[in-house]
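Chemist: Sharing a structure with you now.
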Amino acid sequence: MDFIEQVRQSKDLSKVKIGRDIIVIGGGMTAIDAAIQAKLLGAQNVTICYRRGPEQMGASKFEQDLATSKGVMIRHWLAPKKVRSKKGAVKGLKLEFTRLSNGKLEKTGEKTSLNADQIFVAIGQRLDAGSLQKLQISSGRIKTDEMGKTSLSKVWAGGDCIEGGEDLTVTAVANGRDAAEDINAALS
């Protein structure tokens, strides 16, 4: 997500452009991160819109609670329909309510609209192995050994991209430490 990358790489956060009313579409860690960062950068109203319930969000309850403690509103059971704009400027988002019916997500036909001057889309991360044809993948995640070594020579992985990986910073840091130790041993 470009916004998160811009925040992470900025040497002067006052130069990061942020709107007053922000909508973040998504329910995972990236959505939570974008929403919290927008709030910390001065956005007055930040709303996460997610098409399912809180239990189905990719973000943990802890992360959801953290976002709400920072002033972020989380709205569930809303699917985006259309961005509202005027003269090329974002004015809001039209949404449709959803529900689960026999385990499947369906639209209810009831619609609503939220005002916004900036909308972030934080949905659908998928691994694109591309030229990494020999990289072993399981359920969309990279297979590694206990030290993070992949099926490719001189390639290690960690964090939430690996099979069984958790979407927690502390886990990713531990994976990185273990991989660094293994890389050091391989180079020695």
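Each reported figure results from applying straightforward, stated rules to the coordinates on display, with no laboratory input. Everything numeric in this text was worked out from a predicted model, so none of it was measured. Positions of Cβ are generated from backbone atoms using ideal geometry, with glycine treated the same way; all protein chains shown enter the neighbour counts.
Chemist: Please go through the residue pairs 17/61; 15/111; 11/154; 17/94; 82/143 and name each one whose alpha carbons sit more than 27 Å apart in this structure.
Modeler: Beyond 27 Å: 17/61; 15/111; 11/154; 82/143.
Chemist: In debye to the nearest 20, how big a dipole does the chain give about its Cα centre with +1 on each Lys and Arg Cβ and -1 on each Asp and Glu Cβ?
Modeler: So the dipole magnitude of the chain works out to roughly 1260 debye.
Chemist: With each label point set 7 Å from Cα along the Cα-Cβ vector, what nm distance links residue 62 and residue 85?
Modeler: Modelled inter-label distance: 3.9 nm.
Chemist: Identify which of 67, 172, 79 has the largest mean-square fluctuation in a Gaussian network model of the chain, with springs joining Cα atoms closer than 10 Å.
Modeler: Greatest mean-square fluctuation among the candidates belongs to 172.
Chemist: Here's another thing I want to ask about it. Can you return the aspartates and glutamates within cross-link range of residue 39? Criterion is Cα-Cα under 12 Å, with same-chain partners fewer than 8 residues away left out.
Modeler: Here the aspartates and glutamates satisfying the reach criterion relative to residue 39 are 21.
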